[in-house]
Amino acid sequence: MRLQGQSIIVTGAGNGIGEGIARRLAAEGGKIIVNDIHSTHGQRVADSIVAAGGIAHFVQADVTQSNQVQTMVQAALGHFGRLDVVVNNAGWTHRNRPLLEVSEEEFDKVYAINVKSIYLSAVHAVPAMRANPGGSTGCFINIASTAGLRPRPGLTWYNGSKGAVITTSKSMAAELGPDNIRVNCINPVFNPDTGLSAEFAGGPVDDARRARFLATIPLGRFSTALDVANAALYLASDEAAFISGICIEVDGARCV
């Protein structure tokens, strides 16, 4: 197994991409802290991992609140004795609309969930990684978006937040490299099966909206949770031991 015994936090893992990542990493031997703000969803994922023979514990936490992120990190240390990987997957977007129609409250929420959460994960997880028994090792995987590279109209403030994730990940990689802490990000393209798909599309994902998004993806299909999870598995594994500061576009050539 490629992640045997690794202690891993996956945020926003109660459904969609986060659930896919948690399941995939657990299947490869990772010991997973399943985080979500919704207890029913997160507990379901943790229970399903355990039922499949894996190791998982659910921790309800709001990733925009420092004390709750600290509790999540402490849960990983308490259950597993160390922290090896943090997958910052939790995200949110405002509804697709002209930039001047997005409220200040929506803007603040986008940046709190998409960007501040990464700051808080670093504040609490980096010291834990530095203290790992047997040496200083660790890995952050930040889920950004093709929106940070090839922005679409109507999602301006979301696009900007994901651009911040990309730049922040690269800067973290440069600064934390001497601690042997790797930082990378993944840029998925639109996935109509996530809970936020209608927000991205500006309404229900009907045939017309699906066709419009699909036309921009040269490989001719949308990304799936498994596509993103496989990229996360690689970045978390020893196969990527010398990979840091990069973004993997899981996008079917959308960003070419």
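The values are calculated or read from the model by the stated rules, or taken from the named source; none is laboratory data. The structure displayed is predicted, hence computed values, not measured ones. In this analysis, Cβ positions are derived from the backbone assuming ideal geometry, glycine residues included, and neighbour counts consider all displayed protein chains.
Data overview
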{"read-out": "The range 153-186, residues that are assigned to a loop (DSSP other than H, G, I, E, B) and either within 20 Å of Ala236 (Cβ to Cβ) or touching a helix residue (DSSP H, G or I) at 6+ places or on another chain (Cβ under 7 Å) (or both)", "value": "Leu155, Asn180"}
{"read-out": "Of all residues making up the range 200-211, the number that are of a type outside the set (Phe, Trp, Tyr), surrounded by 13 or more Cβ atoms within 10 Å (Cβ to Cβ) and part of a helix (DSSP H, G or I)", "value": "3"}
{"read-out": "Of all residues making up the range 12-29, the number that are in a loop (DSSP other than H, G, I, E, B) and buried (at least 23 other Cβ atoms within 10 Å of the Cβ)", "value": "3"}
{"read-out": "Selection from the range 30-54 of residues that are surrounded by fewer than 17 Cβ atoms within 10 Å (Cβ to Cβ), over 19 Å from the mean Cα position of the chain (by Cα) and not in a helix (DSSP H, G or I)", "value": "Ala52, Gly53"}
{"read-out": "In the range 114-136, the residues that are buried (at least 18 other Cβ atoms within 10 Å of the Cβ) and touching an Asp or Glu at 6+ places or on another chain (Cβ under 8 Å)", "value": "Val126, Met129, Asn132"}
{"read-out": "Residues satisfying the stated conditions in the range 72-113, i.e. surrounded by 15 or more Cβ atoms within 10 Å (Cβ to Cβ), more than 19 Å from Cys139 (Cβ to Cβ) and either among the β-branched types (Val, Ile, Thr) or without any contact (Cβ under 8 Å) to a residue 60 or more places away in the chain (or both)", "value": "Thr93, Val102, Glu106, Phe107, Lys109, Val110, Tyr111, Ala112, Ile113"}
{"read-out": "Flag for Ser66 being in contact with a helix residue (DSSP H, G or I) (Cβ under 8 Å, 6 or more places away or on another chain), surrounded by fewer than 19 Cβ atoms within 10 Å (Cβ to Cβ) and over 26 Å from Lys170 (Cα atoms)", "value": "no"}
{"read-out": "Residue match in the range 1-11 (condition: without any contact (Cβ under 8 Å) to a residue 40 or more places away in the chain and surrounded by 18 or more Cβ atoms within 10 Å (Cβ to Cβ))", "value": "no"}
{"read-out": "Where a residue in the range 47-66 is more than 27 Å from Trp92 (Cβ to Cβ) and its partner, wherever it lies, is surrounded by fewer than 17 Cβ atoms within 10 Å (Cβ to Cβ), with Cβ under 9 Å and at least six apart", "value": "Gly54/Gly29; Gly54/Ser48; Ile55/Gly29; Ile55/His79"}
{"read-out": "Residue match in the range 167-177 (condition: within 14 Å of the chain's Cα centre (by Cα), touching a residue at least 40 places away in the same chain (Cβ under 8 Å) and more than 21 Å from Pro127 (Cα to Cα))", "value": "no"}
{"read-out": "Among (1) β-branched (Val, Ile, Thr); (2) farther than 21 Å from Asn15 by Cβ; (3) at pLDDT 95 or above, the one test that Thr216 misses", "value": "(3)"}
{"read-out": "Any hit, the range 187-199, residues being crowded, with 17+ Cβ neighbours inside 10 Å, touching a helix residue (DSSP H, G or I) at 6+ places or on another chain (Cβ under 9 Å), aromatic (Phe, Trp, Tyr) and not in a helix (DSSP H, G or I)", "value": "yes"}
{"read-out": "Test: Ala174 is closer than 17 Å to Asn89 by Cβ, hydrophobic (A, V, I, L, M, F, W, C) and modelled with pLDDT of 95 or more", "value": "no"}
{"read-out": "Criterion violated by Tyr234 - all others in (1) farther than 18 Å from Gly148 by Cα; (2) hydroxyl-bearing (Ser, Thr, Tyr); (3) part of a loop (DSSP other than H, G, I, E, B) satisfied", "value": "(3)"}
{"read-out": "Sole residue being touching a residue at least 40 places away in the same chain (Cβ under 8 Å), in a helix (DSSP H, G or I) and out of contact with any Ser or Thr (no Cβ under 7 Å at 6 or more places or on another chain), chosen from Ser117, Ser136, Ser121", "value": "Ser121"}
